[in-house]
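Notes follow once the structure below has been shown.
The values are calculated or read from the model by the stated rules, or taken from the named source; none is laboratory data. Worth saying up front: this structure is predicted, and the values here are computed from it rather than measured. No Cβ is skipped: glycine too gets one built from the backbone with ideal geometry, and neighbour counts run over all protein chains shown.
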Amino acid sequence: MLANSLIELDRAHLIHPVASYRGHEALGVRVLKSAKGATVTDASGRQLLDGFAGLWCVNAGYGHDSIVEAAARQMRELPYATAYFDLGSEPAIRLASELADRAPGDLNHVYFTLGGSDAVDSTIRFVRYYWNARGEPERDQFISIEQGYHGSSVVGAGLTALPAFHAGFGIPFEWQHKIPSPYPYRNPVGDDPNAIIAASLAALKAKIEEIGPERIAAFYAEPIQGSGGVIVPPKGWIKAMRELCREYGILFIADEVITGFGRTGPLFACTEEDIVPDFMTTAKGLTSGYVPMGAVFMADHV
Ligand SMILES: Cc1ncc(COP(=O)(O)O)c(C=O)c1O
């Protein structure tokens, strides 16, 4: 009875992103009731293995009392504190410091966001501001990779390169360019890792030269293309792309929104190839997925 009325209320009022509206209306919502570890239980009592870990975010699993208690303690003491102006709060300052300690290289400055899309969006603003401040306002062109995903905000979704996020939404913008994915499966250059890396380098060089190197603001890459199909590029790929950006003086942004916080083994996937990006976006797993949140890391050298 309760579940049925929820299904009707959902049909009438709740918008579900990334769903076929007609299909969803016909099937009805699956109401999740509770969760423990890696298992979620729906309103009919059916248990499901949460292979997706929420939306790639519940890295620690569900039901950790220590996390719940820490959140409740903070809610009682100081549930909200902005970092605008000269204001701050102990948890935000300590978290920024702990994260800077653990981030690759000199990524020592942390800007907290509402999630991954907001983090990507923020880097676009930082990058534009950076080039304006450096007296190079003409650097306003951005390059990302086909099958990449960089969120669902208007500008971030333009860096995303999945057709369903573009069709009918008026994006990508004309300043958002793409190069082919280093997809190792059915890549036109075959499956030799060196050939795939060489093809990506050639494609990035060609795109930079086509637009004009003095016009390029930044290049965005995920260490593993997640939403585009969990595409793992060959070893050495991200290091080679990072180096090419350095040669051209283009900012390199690593989007670690889903690879960050231990998903690939080390805390950040960039460390697997010992690269230090100019900016790094993160989100999922930052608060073990219990509170949606993201962060942009900015390097000292920027
Ligand atoms: C690489 C990448 N960037 C950005 C985002 C956007 O993050 P959010 O869903 O927190 O807005 C995602 C989401 O999965 C992502 O995988």
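Of the residues that make up the stretch 263-271, is at least one surrounded by fewer than 21 Cβ atoms within 10 Å (Cβ to Cβ), among the aliphatic types (A, V, I, L, M) and in the same structural domain as PRO91 (by TED's automatic domain parsing)?
Yes, that holds for at least one residue.
Could you say whether any residue in the stretch 108-125 is over 27 Å from TYR80 (Cα atoms), surrounded by 16 or more Cβ atoms within 10 Å (Cβ to Cβ), among the hydrophobic types (A, V, I, L, M, F, W, C) and more than 15 Å from the ligand (Cβ to nearest atom)?
No, every residue in the stretch 108-125 fails to be over 27 Å from TYR80 (Cα atoms), surrounded by 16 or more Cβ atoms within 10 Å (Cβ to Cβ), among the hydrophobic types (A, V, I, L, M, F, W, C) and more than 15 Å from the ligand (Cβ to nearest atom).
Criterion first (surrounded by fewer than 19 Cβ atoms within 10 Å (Cβ to Cβ), out of contact with any Gly (no Cβ under 6 Å at 6 or more places or on another chain) and in a loop (DSSP other than H, G, I, E, B)) does PRO184 satisfy it?
yes
Taking the condition of being closer than 22 Å to LEU162 by Cα, more than 14 Å from the chain's Cα centre (by Cα) and either assigned to a helix (DSSP H, G or I) or of a type in the set (A, V, I, L, M) (or both), how many residues in the stretch 218-245 meet it?
So the answer is 6.
Report yes if GLY289 is surrounded by 21 or more Cβ atoms within 10 Å (Cβ to Cβ) and at pLDDT below 95, otherwise no.
yes
Looking at the stretch 163-175 only, could you name the residues that are aliphatic (A, V, I, L, M) and either at pLDDT 95 or above or more than 20 Å from the chain's Cα centre (by Cα) (or both)?
The answer is ALA167, ILE171.
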